[in-house]
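Working notes, beginning with the structure itself.
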Amino acid sequence: MQTAGSAVAVGVLIAFAAWAKIAKPMSPLTDARARALMAEEFPGRPIDALWVATDGAGALARSGAAALVLCEVGDGYVARHIPWAQAVASSFRDGVLRLDLSDVAAPAARLAFDAWPPLGAEVEAANTKPAKGRKTAS
Amino acid sequence: MIHAPFDPVTLAVPFFVLAVILEIALARFRVTPSNYETRDTMASLSMGFGSQIAGLLTAGAAFAATIWVWEHRIFTVPFTAWWGWVAIFFLEDLTYYWFHRLSHERRFWWAAHVNHHSSQHYNLSTALRQTWTGGVSGTWALWLPLAFFGFSPAQIAIQKGISLVYQFWIHTEAIKRMPAWFEAVFNTPSHHRVHHARNPRYLDRNYAGILIIWDRMFGTFQPELDEEKCRYGIVKNLGDFNVLRAAFHEWIGIGKDLLSARSPREVAGYLFGPPGWSPDGSRETSATLRAQWEAERKAG
């Protein structure tokens, strides 16, 4: 009885929260906002170049041999870093870059780009194409 | 007395529900600044619901152990003695402080506690994002000395319940600061916001249950600073709202690390080192993050 009551209460509260529409306001990332978030998430790591996803729902930066990944989750962000070479070699299909983050807490990230990998990346893949996303170098 | 005549948590459930509704309503009409994301709220409340079920699996063992220890007690504290309630108020809260500190500073127990911190939100639903694996992690054993000293299982259960109920209301951004005297003695929304923040300055601070005095005594107190807004969540936030991931990700991480361990030292480090410990120091712990932040701050 108590368990059933708790389940009903949980349902009511979720419905009420959904009705209220009081999530944090989210707008597509700008270069400046992405850089600020990267600085918070990866303090002390210089950004060599930054690509903001075409839908503004994430960004990817190069910092030396690392790729810094920022991805929108709900009304927040999840951040991880992976080897740059791994990011460059990641699967890119239908305008979506699929990154294996190798972390059970956040296994993968998906970022929308016009093209991948970016121009000048040190890869030997035969199908390398220059990126057309919004890129800024620091 | 073995069985508690009432359960403070059960009695408080209607208050929990009404308080969440009130917090949402006040935010909806822009009276207070709280935020609720629907999937996050669903995860938090589902974890609270699930913890009730998961708790049943180990409650019997914990209760039996408490009774056994109480039967071998060195004193007897009468259930109706006022001084007994004063004593258990302080002793239980001190026990909670060390339980909570252990749950943050040693990975095995962090694995059971991390889910409570895994929301990027700080609201009353976060308070209900309770552990599913606390029972199996064995932290209930920390309360056994109270039974050994003569506090009855019922009295311990009631005081633990009172502490849990107290800690509900402090999970809010709707209350900025309490009066100064209250902030000096009690755990408050402001103090606990710091505890849930992932800013390096705020990591592993304010472990208090009811009384903040323990943090002040043991050097883990950090006031909330107006110039540094709390960023909530964990150092490496979750990639989705899957409650199974929230409940078990750190346990899976421990399992993977143990499979790669090459010595007993590494096994011990992965299990009982601080969260983020690694043999070569390549991962980040709270201490390294804080040191890095301190160095950058000093460098200007």
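Ordering B:Ser286, B:Leu45, B:Phe75 by Cα displacement along the dipole of chain B toward the positive end leaves B:Ser286 in first place; charges were set at the Cβ atoms of Lys, Arg (+1) and Asp, Glu (-1). The mean of 1/r over all distinct Cα pairs in the protein assembly as shown, once inverted, gives the Kirkwood hydrodynamic radius of 23.6 Å. Classified by the C-alpha gyration tensor, the stretch B:1-155 has a prolate form. Its axis ratio a/c, with a ≥ b ≥ c, is 1.5 or above, and a/b is larger than b/c. Full extension of the segment from B:Phe218 to B:Ile53, taken as 0.36 nm per residue of separation minus the current Cα-Cα distance, would add 55.9 nm. The mean number of Cβ atoms from other chains found within 10 Å of a Cβ in peptide A:72-85 is 4, as a whole number. Taking only the C-alpha atoms of chain A, Rg followed by Dmax gives 18.3, 64 Å. To the nearest ten degrees, helix A:31-41 and the longest principal axis of the Cα atoms of chain A are 70 degrees apart. By how many degrees, between 0 and 90 and to the nearest 10, does the Cα long axis of helix A:2-20 differ from the longest principal axis of chain A? So the helix axis and the longest Cα principal axis differ by about 60 degrees. Neighbouring Cβ atoms from other chains, within 10 Å of the Cβ of residues in A:20-29, number 5 on average.
In debye to the nearest 20, how big a dipole does the stretch B:8-218 give about its Cα centre with +1 on each Lys and Arg Cβ and -1 on each Asp and Glu Cβ? Could the numbers behind the result be given before it?
Values: 16 positive and 11 negative charges, 92 e Å.
Here the stretch B:8-218 has a charge dipole of around 440 debye.
Note on B:His3 and A:Ala4: their simple-model spin labels are 2.3 nm apart, each label 7 Å out from Cα toward Cβ.
Volume per residue of the convex hull around the Cα atoms, evaluated for chain B, comes out as 155 Å³.
Every number in this text was worked out from the coordinates using simple rules, so none of it is lab data. What you are looking at is a predicted structure, and each value in this text was computed from that prediction instead of being measured. With ideal geometry, Cβ positions are generated from the backbone for all residues, glycine too; neighbour counts draw on all protein chains shown.
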